[in-house]
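Asker: One structure, as C-alpha cells, below. Some questions next.
Bear in mind these aren't lab numbers, they're just calculated from the coordinates by the rules spelled out. Treat the numbers as computed from the prediction; the structure is a model and nothing was measured. A quick note on method: Cβ atoms are made from the backbone with ideal geometry, for glycine too, and the neighbour counts reach across all protein chains shown.
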Amino acid sequence: MDSIFEIFKHKIQNNEKLTPKMQAILSASLELFAEKGYSNTSTKDIARLANVAEGTIFKHFGSKENLLYASILPILSKSLEVLIPAELQKNKENMADLSFHHFLHHVLPDRIDFAGNNMKIWKIFLTEYQYQESMRDNLLTLIPGALFQEINQLLDLFKQKQEIVDWPNEEIIRLIISTVAGFVVAKSMGLSSNADANVETDHLILFLEKGLQP
C-alpha cells in the first residue's frame, strides 16, 4: 500500500474546508496522476472521474499545474520530513558521535522501505522533475532548508573524521540519492536476486561506504 498516498486521500475526504466537489477533484487527480502521469492526464479526465464539469476544476484551482501542487506537494513535503530520523535531529550529540557506517545503517533501511511503499508518489515527482522544467523551482521548495543544513553538517563531520572523500557536499548527496533511488526502483521492478532484503540493503550500504572512502 502507498501509505502516504492513502493517508492524504483520507485527509482530503475529511477536510471540512474543502467542498465535496473539491474533494472529488483532488482525489481524482491523485488517482490519475499516479496511474497515467501528470502530462498524460487531462483536466477532462479528472473532471470525468470526479463527476464534475471541467470548468469547476478551473474555478477552484485555476490550472492543472496548480492542481498538481495542491494534491502532490503536501504529500511529498510530508515524505521529506522523515528523511532524517527525529531522534537524530533532536539529539545533536548522537549525530556528532555517529560514524558514516552507523549513520547509513541507522537511516537507509527504514527510508528504503518508506520509499518503496510510496512509489506512486515518487514516480510522479521524478517524472515531472525530469520533464517539466518550469516546475523545478516550485518542486525544490519542498525540501526544507533545515534538512539541507543537517545533511551538510553531517557530511562535514564525516569528512573531518576522514570517513568519506573531501568532495563537494552537493556531489556526495547526488551520488547517494542516485544510488539509493536506482536501488529502490530496481527492487520495485522485481530486479532482485536475493530473497533477504536486509542482505541487499547491507550490500548497498557497503557499496556506498567503499565508493566514498577517502
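Asker: Given Lys64/Lys187; Lys11/Lys59; Lys11/Lys120; Lys44/Lys120, which pairs have Cα atoms separated by over 26 Å?
Answerer: Lys64/Lys187
Asker: For Thr19 and Asp156, FRET efficiency with R0 = 41 Å and r from the beta-carbon atoms, rounded to 0.05?
Answerer: With a Förster radius of 41 Å, E is 0.25.
Asker: Points 7 angstrom from Cα along the Cβ direction at Ser39 and Ser178: gap in nanometres?
Answerer: The modelled label-to-label distance comes out at 2.1 nm.
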